[in-house]
Amino acid sequence: MIQHPQVRGFFDPATHTVTYLVSDPASGRAAIIDPVLDYDAASARTSTRSIEAVTAALKASGLTLALVLETHAHADHLTAAAHLRHTTGAGVGIGARITQVQSTFAPLFGAGDVRSDGRVFDHLYSDGDRFALGELTVEVIHTPGHTPACVSYRIGDAVFTGDTLFMPDYGTARTDFPGGDARTLYRSIQRLLALPDDTRVFVGHDYLPQGRADHRFETTVAQQRNENIHVGGGVSEDDFVAMREARDATLSAPQLILPSLQVNIRAGDLPPLENDGRRYLRLPLNAI
Ligand SMILES: [Fe+2]
């Protein structure tokens, strides 16, 4: 019998991110995927307002948070994973190749407290790993390309792709971050497109493409395979790579890349206290 997790998406208009609350109807065990910590760049102020809406929904449904899952180290928003860990005790999981992302970015921020061994996370997942969420089984699919550490989580008839696939009318994510690669992304996407046609696909962001006014974040493998404007209808690997690299060359850095990465390689913990009792983010000049 195919498992059918309950899924609720919470869209964050500030960063276009979708945080998912996924639960096992039988046991009430739940996971939160890609939680957002609100961050106002002008005032450098963080807030837990968005993630509290998710945890309120979790409590209202009588669910228990068992896990926090990251699809990758995001460059566009700060993760609320550490907040969830500190407030609920739930462990935080991410792809094992996060060590590569930590190695790249910890020196950029002079983050001497960050060990590039992934151990600030509770669970490091490799391709093919399986673990339980109540009576559901979560399967990890390593889907590098956007970043080297990206993973997708397949739970029964649902798959959470992070930034490996976006809605069919928007396409795919950029591949120009360190360790990103368009050819690798194409191959990762082929693995997702090989899942059963009616698999529910939940994407990590929705940026409204021209001609659409409502945010959407759920589609199916069949729709992606047939209609995705970047990879659907049998687009070849070489054509995809040429399109993706040309498009990436026009993109500027995400607004929150510097605040995000230094927090996200720490699993969402803010940088350590300095001598004056404050925490500071670092903005390396002319470094990216
Ligand atoms: Fe991303």
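The listed residues are ALA44, ALA26, and the only one of them that is over 20 Å from the mean Cα position of the chain (by Cα) and within 16 Å of ASN264 (Cα to Cα) turns out to be ALA44. For region 203-223, the tally of residues that are away from the ligand (no atom under 16 Å from the Cβ), open to solvent by less than 60 Å² (accessible area, probe 1.4 Å) and not in a loop (DSSP other than H, G, I, E, B) stands at 4. There is at least one residue in region 189-202 that is loosely packed, with under 12 Cβ neighbours inside 10 Å, under 15 Å from THR164 (Cβ atoms) and at pLDDT 95 or above.
Condition test on THR147, is it open to solvent by less than 20 Å² (accessible area, probe 1.4 Å) and in a loop (DSSP other than H, G, I, E, B)? So THR147 fits the description; yes. Listed by first and then second residue, the pairs linking a residue in region 13-39 that is closer than 20 Å to ARG85 by Cα to a residue that is of a type in the set (Val, Ile, Thr) and open to solvent by 50 Å² or more (accessible area, probe 1.4 Å), with Cβ atoms under 8 Å apart and 6 or more places separating them unless they lie on different chains, are GLY28/THR64; ARG29/THR64; ALA30/THR64; LEU37/THR46; ASP38/THR46; TYR39/THR46. When region 18-45 is filtered for residues that are open to solvent by 50 Å² or more (accessible area, probe 1.4 Å) and either under 24 Å from GLU218 (Cβ atoms) or out of contact with any helix residue (DSSP H, G or I) (no Cβ under 9 Å at 6 or more places or on another chain) (or both), the ones remaining, listed by number, are PRO25, ALA26, SER27, ARG29, ASP40, ALA42, SER43, ARG45. Each residue in region 224-268 was checked for being of a type in the set (Gly, Ala, Ser) and part of a helix (DSSP H, G or I), and 6 pass. Before we move on, is THR184 within 16 Å of the ligand (Cβ to nearest atom) and either outside any loop (DSSP other than H, G, I, E, B) or without any contact (Cβ under 8 Å) to a residue 60 or more places away in the chain (or both)? Taking the combined requirement at face value, the residue satisfies it. Quick check on region 121-135. Is at least one of its residues among the aliphatic types (A, V, I, L, M) and touching a helix residue (DSSP H, G or I) at 6+ places or on another chain (Cβ under 6 Å)? Among the residues of region 121-135, not one is among the aliphatic types (A, V, I, L, M) and touching a helix residue (DSSP H, G or I) at 6+ places or on another chain (Cβ under 6 Å), which makes the answer no.
A count restricted to region 150-167 and to residues that are more than 10 Å from VAL203 (Cα to Cα) and open to solvent by 10 Å² or more (accessible area, probe 1.4 Å) stands at 3. The residue pairs whose first member lies in region 196-214 and is among the β-branched types (Val, Ile, Thr), whose second member is loosely packed, with under 11 Cβ neighbours inside 10 Å, and whose beta carbons are closer than 7 Å, counting only pairs six or more residues apart or on different chains, do not exist in this structure.
Checking region 264-282 against the condition returns a match, with at least one residue being modelled with pLDDT of 95 or more, exposed (fewer than 12 other Cβ atoms within 10 Å of the Cβ) and at positive phi.
Applying the selection to region 224-255, what residues are open to solvent by less than 40 Å² (accessible area, probe 1.4 Å) and closer than 14 Å to PHE105 by Cβ? PRO254, the sole residue that qualifies.
The values are calculated or read from the model by the stated rules, or taken from the named source; none is laboratory data. Please read these numbers as outputs of a predicted model, since none were measured by experiment. Using ideal geometry, Cβ is built from the backbone for each residue, glycine included, and neighbour counts are taken over all protein chains shown. These area figures cover heavy atoms from the full protein model, side chains too; ligands, DNA and RNA do not enter into them. Shrake-Rupley method; radii C 1.70, N 1.55, O 1.52, S 1.80 Å.
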